Amino acid sequence: MDITLNNRPETFEKDSLSISDVLKIKNYSFKMMVIKINGKLIRKPEYDSSYIIDGDDLQIIHMISGG
């Protein structure tokens, strides 16, 4: 499967992956993230049930806070 992840081409061996799967594969463990599939916001409770497929545009944005 070929997708765009954060504006870069990525290839995965499976035909579809959940958001949780992608986070594990890429070792993303940030506490605050904004995730969008093809521009649609995905909320944290939906990470296990939201799947990406070939050609999808996935954005995983790490939010940083500070003062």
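Points worth noting:
- FRET efficiency, I25 to M63 (Cβ-Cβ, R0 22 Å, nearest 0.05): 0.60
- GNM on the chain, alpha-carbon springs under 10 angstrom: the most fluctuating residue among S16, S50, S29 is S29.
- Between the listed residues L23, I64, N7, the Cα displaced farthest toward the positive end of the dipole of the chain, a dipole computed from Cβ unit charges relative to the Cα centre, is found at I64.
- Whole-percent carbon and sulfur share, accessible surface of the chain, 1.4 Å: 48
- Remark: spin-label model distance T4-R43 equals 2.7 nm, labels positioned 7 Å along the Cα→Cβ axis.
- Taking only the C-alpha atoms of the chain, the Rg (one decimal) and the largest Cα-Cα distance, Dmax (whole number), read 11.7, 42 Å.
The values are calculated or read from the model by the stated rules, or taken from the named source; none is laboratory data. Everything quoted here is computed from the prediction, not taken from an experiment. When we count neighbours, we look across all protein chains shown, and the Cβ atoms used for this are built from the backbone with ideal geometry, even at glycine. Surface accessibility is based on the protein's heavy atoms, side chains included, excluding ligands, DNA and RNA. Shrake-Rupley method; radii C 1.70, N 1.55, O 1.52, S 1.80 Å.
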